[in-house]
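All remarks here apply to the structure that follows.
The values are calculated or read from the model by the stated rules, or taken from the named source; none is laboratory data. Please read all numbers here as calculations on a predicted model, not as lab measurements. So basically every Cβ, Gly included, is an ideal-geometry build from the backbone, and we count neighbours across all protein chains shown.
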Amino acid sequence: MKVLFDLLPVLLFFAAYKIAGMNEEQAAGFASALLGSHIDAKQAPILIATAVTIVATFFQIGWVWLRQRKVDTMLWVTLCIVTLLGGATLVFHDPMFIKWKPTVVYWAFSIALLASAMIFGRNLIRAVLEAQMRLPEPIWRHLNTAWAAFFVLMGVLNLYVAFSFSEEAWVNFKLFGGMGLMLLFVLAQGFYLSRHMEDEPQLEEETK
């Protein structure tokens, strides 16, 4: 359930784009009323999907705050990026801005992982996962670097798809391509980590 909740803005973006695309004239009327200016039928799906994503991200943060009274910093960063680039897409009726959004988010994650480790000496991946597994310190460092590199590559790949293929192809990639590559990376990571995970008894013996 948590995975679905985390993916909520992406899922709703995809659904809104597809539904609006199947009802272009009605979508154009709705988008025109929403934005206060005439919107072409071909523009409407991406604009509606962008507006839905902004609302969904605000809802996501509000729900997290109500339940936990705390919101992760990166979720706030994501909200700022979505609002800024999504808002620019709505104001200028230009999908270029929202197409940059995944890349900016990916690269923000990468910078956070590297800067936290290099400047503050804090491994963010370890902070998230160490309650579930025990790993040697060098492996934690490799894992942090691997995730940072993965986010950099995902950002580059998003730009390639966004500006080399059709808008609909990019929307499909945003959901299925992004999720698929993330799943493959996690599976490969799990296989790698299985060879380095340390058992609790062994750790206790080493600390005696």
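Restricting to the range 63-90, count the residues that are within 14 Å of the chain's Cα centre (by Cα) and outside any helix (DSSP H, G or I). Matching residues across the range 63-90 total 1.
In the condition set (1) more than 19 Å from Leu157 (Cα to Cα); (2) assigned to a helix (DSSP H, G or I); (3) not assigned by TED's automatic domain parsing to the domain that holds Leu153, Ala112 is compliant with all but (3).
Quick grid of which residues meet (1) without any contact (Cβ under 8 Å) to a residue 12 or more places away in the chain; (2) surrounded by fewer than 16 Cβ atoms within 10 Å (Cβ to Cβ); (3) under 19 Å from Asn158 (Cβ atoms); (4) outside the structural domain of Trp107 (by TED's automatic domain parsing):
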site: Val10; (1), (2), (3), (4): no, no, yes, yes
site: Ala27; (1), (2), (3), (4): no, no, no, yes
site: Gly36; (1), (2), (3), (4): yes, yes, no, yes
site: Ala41; (1), (2), (3), (4): no, no, no, yes
site: Arg69; (1), (2), (3), (4): yes, yes, no, yes
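Here Tyr17 fulfils each of the conditions (1) in contact with a Pro (Cβ under 6 Å, 6 or more places away or on another chain); (2) modelled with pLDDT under 95 apart from (2). On the stretch given as the range 29-62, residues that are part of a loop (DSSP other than H, G, I, E, B) and closer than 22 Å to Trp170 by Cβ total 5. The residue list Gly178, Gly190 contains one member that is outside the structural domain of Val10 (by TED's automatic domain parsing), assigned to a helix (DSSP H, G or I) and closer than 26 Å to Leu12 by Cα, which is Gly178.
Residue pairs whose Cβ atoms lie under 8 Å apart, separated by 6 or more positions or on different chains, with the first residue in the range 49-66 and closer than 22 Å to Asp94 by Cβ and the second assigned to a helix (DSSP H, G or I) and among the aromatic types (Phe, Trp, Tyr), are Ala49/Phe13; Ala49/Phe14; Ala49/Tyr17; Thr50/Phe13; Val52/Phe13; Thr53/Phe13; Ala56/Phe13.
Okay, residues lined up against (1) surrounded by fewer than 13 Cβ atoms within 10 Å (Cβ to Cβ); (2) at pLDDT below 95; (3) of a type outside the set (A, V, I, L, M, F, W, C); (4) more than 20 Å from Val186 (Cβ to Cβ):
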{"site": "Val77", "(1), (2), (3), (4)": "no, yes, no, yes"}
{"site": "Gly87", "(1), (2), (3), (4)": "no, no, yes, yes"}
{"site": "Thr103", "(1), (2), (3), (4)": "no, no, yes, yes"}
{"site": "Trp107", "(1), (2), (3), (4)": "no, no, no, no"}
{"site": "Ala131", "(1), (2), (3), (4)": "yes, yes, no, no"}
{"site": "Pro138", "(1), (2), (3), (4)": "yes, yes, yes, yes"}
{"site": "Phe150", "(1), (2), (3), (4)": "no, no, no, no"}
{"site": "Glu167", "(1), (2), (3), (4)": "no, no, yes, yes"}
